[in-house]
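Worksheet: the structure to be examined is printed underneath.
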Amino acid sequence: MPSNDDGTPMSLKQLITEFNTRLQNELKEKEQTLLQQINDSLQLGLKTEELTRLAQEVTDLKAALNEKDKAFKRDLIAFIKMELGGLETLFPNSVDSHIRQKILKAADYQQLFTVKQEFLANSLKQLTAQTPATSSPRLSSTEKN
């Protein structure tokens, strides 16, 4: 069992801390090696500090994009719920589970719009087919004048 400098056995917390420190150091070394390999293979000619700074900028940009993506998804989910609620209110017996699933699975506004348009077109066709055609009275040639 590993021991401290004075020969006493290390506690579990000390072991975990030491292990974590070693892993962090190995990770930093591997990151530096990888950055240097990228620098060399792409012939960028950047110094280690510049590579580290660029790697941090890439990480920061990735985090910012993830945050924007989360906000977009939250807005899309709210919009989907609003659209679905509106359709269910306007067409209470027409929004079946298939349409509901397609709407809920929309990954962006375009997909949501497309599903909604398909639903409205089908509903309009059904409504038109159910409604008897009303003939408009034709004016005879004598009534026109």
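Please specify each residue of the range 5-31 satisfying the condition of being touching a helix residue (DSSP H, G or I) at 6+ places or on another chain (Cβ under 9 Å) and either assigned to a helix (DSSP H, G or I) or touching a residue at least 40 places away in the same chain (Cβ under 8 Å) (or both). Result: 31, single match. Pairs meeting the criteria (first residue in the range 101-126 and over 21 Å from residue 78 (Cβ atoms), second residue polar (S, T, N, Q), beta carbons under 7 Å, at least 6 apart or on different chains) are 123/94.
When you scan the range 27-45, do you find a residue that is surrounded by 11 or more Cβ atoms within 10 Å (Cβ to Cβ), modelled with pLDDT under 90, within 30 Å of residue 2 (Cβ to Cβ) and polar (S, T, N, Q), even just one? Within the range 27-45, one or more residues are surrounded by 11 or more Cβ atoms within 10 Å (Cβ to Cβ), modelled with pLDDT under 90, within 30 Å of residue 2 (Cβ to Cβ) and polar (S, T, N, Q).
The values are calculated or read from the model by the stated rules, or taken from the named source; none is laboratory data. Predicted, not measured: the structure shown is a model, and the values here were computed from it. Every residue, glycine as well, gets a Cβ built from its backbone with ideal geometry; the counts of neighbours run over all protein chains shown.
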